[in-house]
Structures are given as structure tokens and as C-alpha cells.
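Have a look at the structure below, then the notes.
The values are calculated or read from the model by the stated rules, or taken from the named source; none is laboratory data. For clarity, every value in this text was computed on a predicted model and none was experimentally measured. For neighbour counting, all protein chains shown are included, and Cβ atoms are generated from backbone atoms with ideal geometry for every residue, glycine included.
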Amino acid sequence: MKRFNLLILCLFLVNAVFAQAIPRFNPDTVLTVVVDNDVVIKTAKAGLSEDDFIQAIVTDTSFYEAFRNMKKYAFIAENRVYTYDKQDKVEGSIYRKIKHSNDQKGHNMQYLEKKDTGKLFKKNGKYQLYTVEMFDYIFMNAYNSDFVPNSAGGPGGKGGSNESYKDKLKTLIFTPGRPVRGVPLISGKTEIFTANMRQYYDYRFSSGTYLDSIPVYRFKVTMKPDLSNWTKDGIMIKELTTIFDKRNFQILGRYIDMKLDNLAFEFDVQMNIELGYFNEELLPTKISYQGNWDIPFKKQERASFLVLHKDYKPE
């Protein structure tokens, strides 16, 4: 059961404003990046190479720091979750509008709006889908607690513990391209920047604008289209797109498209995470997810979510 929970946690991580890979209702309609030039650029204007972008991705800690720093602020979170039937029709939905604040006792959450519709819960009151349970576990706990300091550099918890599961989750979110140890049949497939794996990917540089005013580079890593079907099937990360602020090379956005089908499980998931500047500090503004996954002897799960953070105020 612990291994199953770990697998669900990792699959949950992995929709983007750039494309909707799963053809159904997409809650993410907030367009934040406008690409000015989608032509392949071998070298960026600043003399940057693909190795410069890759090095920045694998060593970046800004996403981890942004999620830690948001706890210092009062803000509004709007969370939308949708579940789907086998025909990809909306089966259930959850909406939460939450005000986060701090006082001497710690973090506080105030529900401004709360609405559930459709098939969401079992008779015992628990969520029907592990995806929704993990969403509730990750985000609702995040508003009430702090990340542990050592998680930015990779897994640090003991095997089998909830802390270990959360550390693996943080590795996938904050440092894509690194190995995620302890997940059966997945671990090495996340290391897409090794010498062996780089032969399977194309790299594209584009110039664009983020949030109507910030000049950015979009560095897009995609699986090569001319690979054999056997090779394509064995590659888990189909795309990793990263948005860089041209002015300081800070990472502002990250999109991951992952798909795998083997004897142990089948999944097709996309996730987009974006940051914004508040008082010159980077803080989370949007997280979106779209995913299907299927494990033998378990109910197939189809879900999407959109999390928007706004109105940050220092406290």
C-alpha cells in the first residue's frame, strides 16, 4: 500500500497553457505567455547555448524557494478540481476560495467559498479518487505548514515514510531532470539531460512576453518525432518547457508532459507551474494539471485541476 501511495503521489505531479494534450474540458484558460517567434534559434541573442539553459534547469531552486516564501504572505487561493468519466465528461467538481493569513499562532485558512458537485465521495466520506485525495493532501497541507529546508536538493526522508513521499514529489516539481529514486520502473526515466537521453530530444529557443510585460525566453525540450515507436514508448518525459526571464535568467514557468504504458501502470499527465513577481520576490501564481492513470485492479482515474494564487500582501 505504501508503494501504491508513492506511485500515486508521483503521477499526481506530473496541462499547460501551451497545449491541452488530453482532449476534454480544460480548466486552465489563463493565457500568460505570448510567443513572438517560434522559429528555431540555435543561439539566443545573449550568446546563450542549450547547455546554459539545461544547467540553469537542473540547478534551479527558485520554485522551491517561491513555495516556501509564499507562507510569509497573506493571499487568496482559488482551487478548482474536476473528475471525469470514461467518456471524458465532467463527473464531479470541487471549488475552494481560500484566504491565507498568518498570526502569532501560525498559518490560518479562511474559506470564502466552498462548493462540491457530482460524484466525489465514498460512503465513508473519503474521496473516490486518489488524485483528488492527493490534491487535498498536498495543497491544503501546504497552506498550513512549511516545506522542510533540505527538500530543495532532493529526497531526504526515510524510505516508506510520508516525508519520503513528499520529498520525491518535491524533486519532480522543483528539480526536473534529476533521478527520483524509489519509484518502480520510473526512477531513471526522469534524467532527460544525461548524455544517453539527450540523443532522443530536440531543443528550441523562442522569444516571448510573460504576463503582458516581462520579456522571456521559452526553452522547449521535446521528444524527436522520427524515433521508432519502441523508443518513443520507453521515453516517459515527452516535453519539458521552461520560461526564463531575459533580464535576469530567473525561471518563471515550467511545463511537463509525461506518458508511459507498461505492465505495472499506464498514465498520461501534463502539469504547468508558474511564478510571478511580488515586491521583487518570486511567488507561485498558477498550477494546472490534467491527467489519466490506470493501475491494475484499481479504478481508472481521470482528473484536472487549476490553482490560482493572487492578492499577495506581506504580513
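Residues considered: Leu275, Leu308. Of these, the only one that is at negative phi and surrounded by 20 or more Cβ atoms within 10 Å (Cβ to Cβ) is Leu275. Any chance segment 203-218 includes a residue that's β-branched (Val, Ile, Thr), under 28 Å from Glu266 (Cα atoms), within 21 Å of the chain's Cα centre (by Cα) and in a strand (DSSP E or B)? No; the residues of segment 203-218 include none that is β-branched (Val, Ile, Thr), under 28 Å from Glu266 (Cα atoms), within 21 Å of the chain's Cα centre (by Cα) and in a strand (DSSP E or B).
Residue count for segment 55-101, restricted to those that are assigned to a helix (DSSP H, G or I) and β-branched (Val, Ile, Thr): 3. Looking only at segment 272-305, residues that are among the hydrophobic types (A, V, I, L, M, F, W, C), more than 28 Å from Phe249 (Cβ to Cβ) and assigned to a strand (DSSP E or B) come to 3 in all.
Scan segment 252-273 residue by residue and report those that are of a type in the set (Phe, Trp, Tyr) and farther than 19 Å from Lys286 by Cα.
Phe265, Phe267
What residue, of Phe278, Phe244, is under 20 Å from Tyr203 (Cβ atoms), touching a Lys or Arg at 6+ places or on another chain (Cβ under 9 Å), modelled with pLDDT of 90 or more and not acidic (Asp, Glu)? The conditions single out Phe244.
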